[in-house]
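Take a look at the structure set out below.
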Amino acid sequence: MITSKCSKLTFSEIKTGSGLQAALKNKPAEVISILADSGMKGRGGAGFPTSTKWRFAAAAKGEEKFVVCNADEGEPGTFKDRVLLCDFADLVFEGMTIGAYAIGAKTGIIYLRGEYTYLVNQLESVLAKRRQANLLGNKICGKEGFDFDIQIRMGSGAYVCGEETALIESLEGQRGEPRNRPPFPVDTGFMGRPTIVNNVETLAWVTAILAKGAAWFKSVGTEKSTGLKLFSVSGDCAEPGVYEFPMGITIAQLLKEVKGEGAKAVQVGGASGHCVAAKDFKRALAFEDVATGGSIIIFGPNRDMLHVAKNFMEFFVEESCGQCTPCREGNHKILEGIEKLEAGTCSMAYLDELCKLGETMQLASKCGLGQSSANAFLSIVANFKDEILGRTEKVAV
Amino acid sequence: MLITEREKMVEDINTWAEQYGRNRSALMPILQEVQKKYYRISDYAMQEIADLLGIHPVEVYGVVSFYSFLDDKPKGKFIIRLCQTISCDMVGKDRVARQLENDLGVGFGQTTADGIFTLEWANCLGMCDQGPAMLVNDQVFTRLTPAKVNEIIDGCRRALSHYATQRKEVHAL
């Protein structure tokens, strides 16, 4: 197994079963209250309070309910979920089990991206061990009426399936095209039933919160972004890898920890995130400032930011599902614009038009992919106009 | 394709349909099994799956054409997918790509004439801290260099000849 360099993670202190046993001492509604008290927001990047999602699903009426773990980690620069699934799969499955108890679900599904097929055997063996230990199956931990099991389903190489409604479509055997929201999955999810879809890291934190308490969790972080967060750090730094930091850490502090000082820009949140230039490195990584699912890509002083923007737009042109016009056409147009900038033939007026197009895509696209695909381009234009305009020759990367 | 091979495939599809259930949500797992064993999902396979699940074959084709890991055209026995996303790009994926093309004699998106290798681009493989990275079927290789590429390709060839002596080859359908 190929392992990433990893700072010491809190997860290594959590004993298997401890979170679940703590949860089962409470009523399902109380479990949700503990989560609400912790203030945890989803670690996938959107930052929706986990407890609210669970409360909706618990209240929704349905013959059966589902817990889905979103392990379709496809955001460029993100690999923390892979590390969690390699080293702490128990905590992730336990978080799903706690979720099942809280909302009253009997079936869990982990949707694993096709690129991570090499993890399947190991995950199956963790599931088998949990079944043996009565942490999955019927009457879990001896609790009468609490039956729950987890199956693994594979993706097949589509980034958009990380969007929760596209993921559900894919589970149902459809093209991974996002649905209109509302209705939300908590109400009408997999097979039209109430479903919670949570990120891998979110579920691992759920287990940690139940094991160590809400007060412990919110003792670090900021008021609006409580707790610790994993960051996937790559790019121009001496020590790339997975790091655990409190929410609210500034970009400058993070760069110091990973030995990436001297960077000219940092892409926060992957291809769909924002490019932050050096002048803004005092900004904080938190939901109220620069929000992120944990992807940090560092660009050293010699990187060509137009090349970076181009790489991201090529990504979105390929990964757009093509369902709605702003995203399908907009990404192409912006990529063509970048090619004009590369050739040095883009006027300021045209660049302004492209930026307006980007803003339209943010407003008019159907799902998170199209709403965020122009972010990187727009923030690079805003920060590096002098670098990208008026080119006379190809800049070395 | 020989009738016996076709029958074998139908038998396989039936087995998978029993295993995953005869409903629409079993479609992806069944398609993934077909792709893995037969290196493609042929029209005949799509028709068979559609019949078993009670849907129109066009619905099956719609799904096959949507996902980049599913294909109706024959693929090589080893699909090499090199990550093209930014972190791998910044640590030299272009040179690895060039050497892959040189050593395989095909470009990206193509399959070698002997049907052994398909070369493709992939988007972020989640190995951003140890790029350049690529997948060979399900296996991941990291910190690639142009020189390492040939070793990996040789490894595949050796694995294939070993495999072929153990089991009768499945021909592209």
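The values are calculated or read from the model by the stated rules, or taken from the named source; none is laboratory data. Note that the structure is a prediction, hence the values are computed from the model and not measured. Cβ atoms come from the backbone with ideal geometry, glycine included; neighbour counts cover every protein chain shown.
Cβ separations smaller than 8 Å between residues 6+ apart or across chains give the following pairs from the stretch A:274-285 residues that are free of Cβ contacts under 8 Å to residues at least 60 places away in the same chain to residues that are among the charged types (D, E, K, R): A:A278/A:K264; A:R283/A:D289; A:L285/A:K229. List the number of the failed condition for B:G76; all other conditions in (1) of a type in the set (G, A, S); (2) assigned to a loop (DSSP other than H, G, I, E, B); (3) surrounded by fewer than 21 Cβ atoms within 10 Å (Cβ to Cβ) hold. Result: B:G76 passes all but (3). In this structure, does A:V197 turn out to be crowded, with 21+ Cβ neighbours inside 10 Å and not assigned by TED's automatic domain parsing to the domain that holds A:I32? So A:V197 does not fit the description; no. Under the condition of being under 24 Å from A:F315 (Cβ atoms) and charged (D, E, K, R), which residue from the stretch A:154-188 is farthest from the other protein chains (Cβ to nearest Cβ)? The residue in question is A:R181. Please tell me if B:L53 is modelled with pLDDT of 95 or more and not small (G, A, S). Against the criterion (modelled with pLDDT of 95 or more and not small (G, A, S)), B:L53 qualifies. Filtering the stretch A:318-332 to residues that are more than 10 Å from chain B (Cβ to nearest Cβ) and crowded, with 18+ Cβ neighbours inside 10 Å leaves A:S320, A:Q323, A:C324, A:P326, A:C327, A:G330, A:N331.
Selection within the stretch A:189-210: residues that are aliphatic (A, V, I, L, M) and touching a Pro at 6+ places or on another chain (Cβ under 9 Å). The member of this set that is nearest to the other protein chains (Cβ to nearest Cβ) is A:V197.
Close Cβ contacts (under 7 Å, 6 or more residues apart or on different chains) running from residues in the stretch A:187-199 that are in a helix (DSSP H, G or I) to residues that are of a type in the set (V, I, T) and crowded, with 24+ Cβ neighbours inside 10 Å comprise A:F190/A:V68; A:F190/A:I168. Annotation: B:Q130 fulfils all but one of (1) within 13 Å of chain A (Cβ to nearest Cβ); (2) in contact with a helix residue (DSSP H, G or I) (Cβ under 8 Å, 6 or more places away or on another chain); (3) within 28 Å of A:I298 (Cβ to Cβ); (4) modelled with pLDDT of 95 or more; the unmet one is (2).
Restricted to the stretch A:235-284, and to residues that are in contact with a Ser or Thr (Cβ under 6 Å, 6 or more places away or on another chain) and part of a helix (DSSP H, G or I), which residue is farthest from A:V381 (Cα to Cα)? Within the stretch A:235-284, the match that is farthest from A:V381 (Cα to Cα) is A:G270. Against the conditions (1) without any contact (Cβ under 8 Å) to a residue 40 or more places away in the chain; (2) within 21 Å of A:A158 (Cβ to Cβ); (3) more than 9 Å from chain A (Cβ to nearest Cβ), B:Y39 satisfies every one except (1). Scanning for something surrounded by fewer than 22 Cβ atoms within 10 Å (Cβ to Cβ), over 30 Å from the mean Cα position of the chain (by Cα) and charged (D, E, K, R), does the stretch A:353-367 turn up at least one residue? Scanning the stretch A:353-367, I find at least one residue that is surrounded by fewer than 22 Cβ atoms within 10 Å (Cβ to Cβ), over 30 Å from the mean Cα position of the chain (by Cα) and charged (D, E, K, R), so the answer is yes.
Given the structure, is A:L119 more than 10 Å from chain B (Cβ to nearest Cβ) and in a helix (DSSP H, G or I)? Talk me through it step by step, then tell me what you get.
On the way: more than 10 Å from chain B (Cβ to nearest Cβ): no; in a helix (DSSP H, G or I): yes.
Criteria not met by A:L119.
Just one residue in the set A:K282, A:K259, A:K264 is within 30 Å of A:E318 (Cα to Cα), surrounded by fewer than 21 Cβ atoms within 10 Å (Cβ to Cβ) and not small (G, A, S); that residue is A:K264. Using the structure shown, decide if A:E257 is more than 13 Å from chain B (Cβ to nearest Cβ) and modelled with pLDDT under 95. Spelling it out, it is not the case that A:E257 is more than 13 Å from chain B (Cβ to nearest Cβ) and modelled with pLDDT under 95. Only one of the numbered conditions (1) part of a helix (DSSP H, G or I); (2) of a type outside the set (S, T, Y); (3) within 14 Å of chain A (Cβ to nearest Cβ); (4) out of contact with any helix residue (DSSP H, G or I) (no Cβ under 6 Å at 6 or more places or on another chain) is violated by B:D51, and that is (3).
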